[in-house]
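The values are calculated or read from the model by the stated rules, or taken from the named source; none is laboratory data. Please read these numbers as outputs of a predicted model, since none were measured by experiment. Here the Cβ positions follow ideal geometry from the backbone for every residue, glycine too, while neighbour counts run over all protein chains shown.
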Number of protein chains: 2
Amino acid sequence: MKSFSFRYGETKLYFGPNVISKLKEHLDGMESVTIVTGRKSAEKSGALQDVKKILEESGIDYQVFSKVIPNPTVDIAGGVAEFARKNCSDCLIGIGGGSVIDVSKVSSIIAVNGGRAEDYLNGMKIKRKIKLIAVNLTHGTGSEIDRFAVLTKGKEKVGISARYPDVSFDDPRYMLSLPREQSIYTSIDAFFHSYEAVTARAANPLVKTLSMESARIIGENLGEDSQNLEKKYNLLYASMLAGIALDISPAHIVHAIEHALSGIKQDLAHGCGLAMVGARSIYWIHKHSKESADILERLTGKKVKSPSDAEKTFRDFLDEVGFDEKLSDYGFGRDDFSEIKEMVFGRLSYSISRANFKLTEDMLIDILEKSL
Amino acid sequence: MKSFSFRYGETKLYFGPNVISKLKEHLDGMESVTIVTGRKSAEKSGALQDVKKILEESGIDYQVFSKVIPNPTVDIAGGVAEFARKNCSDCLIGIGGGSVIDVSKVSSIIAVNGGRAEDYLNGMKIKRKIKLIAVNLTHGTGSEIDRFAVLTKGKEKVGISARYPDVSFDDPRYMLSLPREQSIYTSIDAFFHSYEAVTARAANPLVKTLSMESARIIGENLGEDSQNLEKKYNLLYASMLAGIALDISPAHIVHAIEHALSGIKQDLAHGCGLAMVGARSIYWIHKHSKESADILERLTGKKVKSPSDAEKTFRDFLDEVGFDEKLSDYGFGRDDFSEIKEMVFGRLSYSISRANFKLTEDMLIDILEKSL
């Protein structure tokens, strides 16, 4: 398993086992660092201990903000910024999955520009930012290599083009402690980054190259036995490729619907929400995109012809990897449809407009019905 | 044919028909620009006129240095730097293939750091550089998206890690005027960037993803009818991918041998030299790399088993695309072998050491013999 590095966007990304040792090359001139984490995974994965050790060896003060929750709110981003400002931090190191890295992105902006997270969600201009280092703990987010952040305000989940991390670490050792369920969720997230990127209006050959390869690798590596280092390396590589694809060609209807769902039920894991509504969304996307057949074939090895074929192929794939949840398991029912509709066609309309077809209300209701 | 842009390394790259119009977004604060070109292709392609028009519309002074030759010398790089300095240029715009872009890279360094090109070939540290914009005119160099420059001093050709362009334009319209012979040479150059990158010690999954896709596209698009915009778009895309692969995992023995050849006969086109010695080089590389079979299969669609198979498959490919030159056509004979040997195992040893096997003198002589 080779370790390597390259620069994409504004991020220098290190990939492979033990790449965290390169962190010390990026600490020049720092005096104080704020480490941002969720409640458990930073420690459980071993990443927090590795980062602390390197900071201590480099004689750099650090404070830990460990209260980021999944589907993080604008208040948390504000809280981290305030915490970093109080500690005069030169740098944020976000250790976690998408939630932690997204919060860290927005906090690194607020900490020096002022304002509140919602100002940036509403388009406030970003003038400066403090250094941001991301230590990625999931093989799904892509946030370590893209410029996006998604935050929650009340029931609204909104994505913005925030910033790239300056430096990111994709070390597959840290994914070994991911529970199997989370491994599935997060790889499904990566798959939908690719699937939506390549079926969006903004798709281009580079997006296709990266998405197809990502889907192939997920198909070959996600399954019963994916809890070993080599599989994690491969799934993480696939997720990173999908992150670049997404950065160039952002996601559309599946992510938009999921953002509405997890805006309403904030304990819903993002990848789980995508998987639940994904199969029927694929039915509609497939009708309008010739790339859909190609990427499903890469994922599953199966030739896909009709939209119904596409839906069934993806449902079979979910079965095979051991995913069998549905909206009703999370308490969603028909009563929620109008609220979801309002969110998708309201605040999230920027996102559905990226698809190469017009999602109608009837289509959305059909997707939700068939995902209950 | 979609146009798109992304940032890799330190380069913002624009890809697709008419992307040159984005040049005006990168001229802020400039007063004087030096345009660097070869003798003819900048004008013949239409790129020079496009660039001049945009500079004029933006009210920016420019001077044109139009004397870069293929296999350019250190003196030319020094000359361009002197020319730019005299004109107080804020920026170099290199319009050409690898020779022009490579010269522009080194000149942009000399212009503000002083010294001579050979100092940098010998490892002198680069402290500053002026802005560099590359307008690429071939679908082979990769120089628009990598950090390398190759210059000639006497009979020596040496590659260095110089710098990335700040901004690059890959506009396939400019490749329509490439003579068919040059189209073949330059695509073979792109293929060997991929082939050598993926069979080098530094190869990694990202290099493989990019190289395999590049080879597939070259195989599908290079041929009798490749002189139209769509084919040019595809071949240029393949060349760009190979450029990134090369940047991460530099070329080794085929490029090293070719650099010796075109150091001796400076009218030899780089891609032509690669093609002449490439087939037999593949025989030896194939023995030591399991990736060789994969990439040849992507290029040709044929399963390749033995080293002899690999050599024959590549010779057949050259036949099909209409390449049939050999070393003796350029006046090379056995008399030259010792000089080539001296160069490859001397000044170019840094390059052959990147292969994942040790090239011996016997192997080199065998490659040259079978390429006569």
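Annotations for the structure displayed:
Per-residue answers, yes or no, for (1) assigned by TED's automatic domain parsing to the domain that holds residue B:301; (2) in a helix (DSSP H, G or I):
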{"position": "B:165", "(1), (2)": "no, no"}
{"position": "B:188", "(1), (2)": "yes, yes"}
{"position": "B:213", "(1), (2)": "yes, yes"}
{"position": "B:247", "(1), (2)": "yes, yes"}
{"position": "B:250", "(1), (2)": "yes, no"}
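- Flag not set for residue B:30, criterion: farther than 19 Å from residue A:8 by Cβ and within 12 Å of chain A (Cβ to nearest Cβ).
- Residue match in the stretch A:266-282 (condition: touching a residue at least 24 places away in the same chain (Cβ under 8 Å) and either on the phi > 0 side of the Ramachandran plot or aromatic (Phe, Trp, Tyr) (or both)): no
- Residue count, the stretch A:316-347 (criterion: assigned to a helix (DSSP H, G or I) and under 18 Å from residue A:364 (Cα atoms)): 14
- Condition check for residue B:224: of a type in the set (Asp, Glu), within 25 Å of residue B:320 (Cα to Cα) and modelled with pLDDT of 95 or more: no
Residue-wise test of (1) in contact with a His (Cβ under 7 Å, 6 or more places away or on another chain); (2) away from chain B (no Cβ under 14 Å); (3) among the acidic types (Asp, Glu); (4) outside any helix (DSSP H, G or I).
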residue	(1), (2), (3), (4)
A:207	no, no, no, no
A:219	no, yes, no, no
A:241	no, no, no, no
A:257	no, yes, no, no
A:267	no, yes, yes, yes
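- Options A:265, A:231, A:290; residue that is touching an Asp or Glu at 6+ places or on another chain (Cβ under 8 Å), in the same structural domain as residue A:186 (by TED's automatic domain parsing) and charged (D, E, K, R): A:231
- Only one of B:333, B:346, B:301 that is surrounded by fewer than 17 Cβ atoms within 10 Å (Cβ to Cβ) and at positive phi: B:301
- In the stretch A:160-169 there is at least one residue that is in contact with a Gly (Cβ under 6 Å, 6 or more places away or on another chain) and closer than 26 Å to residue A:43 by Cα.
- Among the candidates A:12, A:67, A:22, A:2, residue that is of a type in the set (D, E, K, R), touching a Gly at 6+ places or on another chain (Cβ under 9 Å) and within 30 Å of residue B:163 (Cβ to Cβ): A:2
- Residue count, the stretch A:144-163 (criterion: outside any strand (DSSP E or B) and either at pLDDT 95 or above or within 20 Å of residue A:110 (Cβ to Cβ) (or both)): 7
- The test for being assigned by TED's automatic domain parsing to the domain that holds residue A:50, within 22 Å of residue A:1 (Cα to Cα) and not polar (S, T, N, Q) holds for residue A:144.
- Any chance residue A:243 is assigned by TED's automatic domain parsing to the domain that holds residue A:134 and under 13 Å from the mean Cα position of the chain (by Cα): no
- Filter result (touching a residue at least 60 places away in the same chain (Cβ under 8 Å) and either more than 16 Å from residue A:273 (Cβ to Cβ) or outside the structural domain of residue A:359 (by TED's automatic domain parsing) (or both)) within the stretch A:322-347: A:322, A:347
- Residue within the stretch A:101-120 that is touching a residue at least 24 places away in the same chain (Cβ under 8 Å), closer than 26 Å to residue A:264 by Cα, within 14 Å of chain B (Cβ to nearest Cβ) and surrounded by fewer than 22 Cβ atoms within 10 Å (Cβ to Cβ) present: no
- Selection of the stretch B:179-216 for residues being surrounded by fewer than 24 Cβ atoms within 10 Å (Cβ to Cβ), in contact with a Gly (Cβ under 9 Å, 6 or more places away or on another chain) and within 10 Å of residue B:245 (Cα to Cα) yields only B:204.
- Contact map, the stretch A:1-14: residues that are within 7 Å of chain B (Cβ to nearest Cβ) paired with residues that are surrounded by fewer than 16 Cβ atoms within 10 Å (Cβ to Cβ), Cβ distance under 8 Å, separation 6+ or inter-chain. Pairs shown: A:4/B:202; A:7/B:10.
- Taking the listed residues A:104, A:99, the one that is at pLDDT 95 or above, among the small types (Gly, Ala, Ser) and either part of a strand (DSSP E or B) or touching a helix residue (DSSP H, G or I) at 6+ places or on another chain (Cβ under 8 Å) (or both) is A:104, with no other qualifying.
- Cross-chain or 6+ apart pairs with Cβ under 7 Å, the stretch B:348-359 first and outside any loop (DSSP other than H, G, I, E, B), then polar (S, T, N, Q): none
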